[in-house]
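Visitor: Quick one: this structure, given as structure tokens, is what I'll be asking you about.
The values are calculated or read from the model by the stated rules, or taken from the named source; none is laboratory data. These numbers come from a predicted model, not from an experiment. A quick note on method: Cβ atoms are made from the backbone with ideal geometry, for glycine too, and the neighbour counts reach across all protein chains shown. Note: areas computed on protein heavy atoms with side chains; ligands, DNA, RNA excluded. Shrake-Rupley method; radii C 1.70, N 1.55, O 1.52, S 1.80 Å.
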Amino acid sequence: MKRLTTVLMTLTLVTALAAVLLSLTLQSTPQLRTTLTQVLIVLSMAGLVLLASFNGRRGRMETVGAHRDTSKRDEHATCTFSDIAANEQALQSVTELRDYLKDPGKYVRYGARMPRGVLLYGPPGTGKTLLARALAGEAGVPFFALSGSDFVEKYVGVGASRVRALFKRARKVGRCVIFIDEIDAMGKRRDDSASDERDQTLNALLSEMSGFYTGDGVIVMAATNRIEALDPALLRPGRFDRQIEVGLPGRDQRLKILKLHSRGKPLNDDVSLEELAAQTVSFSGASLENLLNEAALAAAERDDGGIDRQDLQRAFYKTVAGADREMLASPREKRIIAVHEAGHALASRLLSPENRLTRVSILPTGHGAAGYNLCIPQERVMVEKRHLENQIRVLLAGRAAEQLVFGDDALTAGASSDLARATELASAMVTELGMWDEPAVSLKALNRACGAGTGATEACKALLRSQYACVKALLASQVGAVNALANALLEAESLDGDAATGIIDAHLSSERPESA
Ligand code: ATP
């Protein structure tokens, strides 16, 4: 601003002088007129140079402006640890950080060094951001939040400049929490394809973090869903040296989260949160919160004073499969879909009875499926080979049922995602888990060590072929049950788990192939 005022004053002076000289030139002798004209030209040129330099400087100021700090400062991080249910271990780890933020001096007196950075890692929606925000809220300090992608820019140096601007701002504030979400966007493992821009940004972050002193009272937290993709430099001591896993909640933890988020929601007596917690295997905290909200929205629409079991069940199906859509299929297509879904349901009932069937439907879903089977998988810590084989067979059962009932020429595109998922599982079994002819070999590691050419593709195909043959033989022995369930689906369009299981069990043939 000061510079702008100086330039404007100089320009005004130059213009005034030029005006005086012009009037003198008009009234003077020819000799004096020549001299004055020359002075006038020199003055005009000086004015032009001054203007050009001002414009250039303004351009540079704008560029510097592009290096702005894009973080969002949350002055009112009002949430606290009481807004987090479950995640006990993660909470325990951050409690110490809260004490440090409240009184960093105490730690200096004891010569203790706080972790310079804390990395929260785990699947999406498990409460990583919530944890960081609650830490700031508990300690009563400002919260600066931004995403790793805010630093990713096309122009070299811009991301690095943003990092420096952010830390400068945080240092000015004093005690605070800086939270970088999706840090993998800026901190990916550097390899041959790494860009100069990303390298510079990452280096800027590392050097800013190294420059911290325990007494600063600044905690840098970051979150990622992909810790394995991060550059090892980020995880070295002195950087993100505390790593906290925030995993998917187990059944008891889901119940706690459901109880927390149902506070203030009028649940009817027929609602059992225990039942819902058992049903929502693999749900994250965010999905549970979303499910309860969907149910509350439906109840508000109906407006009869409470949220009932039906609202929660509908919200559950909607969260898992997407909202049911209108059926537009022709009668023949409808029959193919019904047979396909009946094949999945039957294979699941016979091969993985521990996974509880909760719904079979031939209504198209908001997630793009023509129909679906919903099973609640049993929670396991270890997965055995036979579980994976059965999973592949259940996935292939839709295609097998179509082929059995309608013949080879009637195959449809409806099995494409089943085939893709079955292939991914088979590939993991062959290349990573040693669950094929060579139980002691990880082909993936072998590939890394010795180069490609290990025959994984052929092994994968063979595995898929054999699983397909098994499930096809199983369904061939139970065509009566497949048709009975398909007919019931054509009539009702969707059946709950108990109804579908009842139909299957009533039509099961006692003859089963040995391979199944
Ligand atoms: P992402 O990895 O996708 O960024 P995240 O792990 O940071 O996700 P959050 O954004 O913290 O997840 O969680 C989203 C919402 O889910 C929270 O605002 C909260 O409503 C709910 N939530 C998640 N986990 C919990 C939990 N343990 N207790 C209570 N609510 C939770």
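Visitor: Which of the residues belonging to the range 489-502 are surrounded by fewer than 21 Cβ atoms within 10 Å (Cβ to Cβ) and part of a helix (DSSP H, G or I)?
Guide: If the condition is that a residue be surrounded by fewer than 21 Cβ atoms within 10 Å (Cβ to Cβ) and part of a helix (DSSP H, G or I), then L490, E491, A492, G497, D498, A499, T501, G502 are the ones that fit.
Visitor: Restricting the search to the range 114-150, which residues are among the aromatic types (F, W, Y) and either away from the ligand (no atom under 16 Å from the Cβ) or over 23 Å from R226 (Cα atoms) (or both)?
Guide: F143
Visitor: Turning to a different aspect of this structure: Answer yes if at least one residue in the range 143-155 is open to solvent by less than 60 Å² (accessible area, probe 1.4 Å), in the same structural domain as L230 (by TED's automatic domain parsing) and in a loop (DSSP other than H, G, I, E, B), and no otherwise.
Guide: No, that holds for no residue.
Visitor: Moving on to the next point. Taking the range 317-350 only, how many residues are in a helix (DSSP H, G or I) and more than 17 Å from D498 (Cα to Cα)?
Guide: 14
Visitor: Going by what's in this entry, would L91 be described as surrounded by fewer than 23 Cβ atoms within 10 Å (Cβ to Cβ), within 8 Å of the ligand (Cβ to nearest atom), in a helix (DSSP H, G or I) and under 26 Å from the mean Cα position of the chain (by Cα)?
Guide: No, not satisfied.
Visitor: Here is a follow-up. For residues that are touching a residue at least 40 places away in the same chain (Cβ under 8 Å) and away from the ligand (no atom under 16 Å from the Cβ), tally how many sit in the range 284-309.
Guide: 4
Visitor: I've got another one for you. Given the condition polar (S, T, N, Q) and open to solvent by less than 40 Å² (accessible area, probe 1.4 Å), answer yes or no: does some residue in the range 469-488 qualify?
Guide: Checked the range 469-488: at least one residue is polar (S, T, N, Q) and open to solvent by less than 40 Å² (accessible area, probe 1.4 Å).
Visitor: Can you name the number of the only condition in (1) open to solvent by 40 Å² or more (accessible area, probe 1.4 Å); (2) out of contact with any helix residue (DSSP H, G or I) (no Cβ under 7 Å at 6 or more places or on another chain) that T423 fails?
Guide: Exception for T423: condition (2).
Visitor: Of these, L312, L258, which one is open to solvent by less than 20 Å² (accessible area, probe 1.4 Å) and within 12 Å of the ligand (Cβ to nearest atom)?
Guide: Answer to the check: L258.
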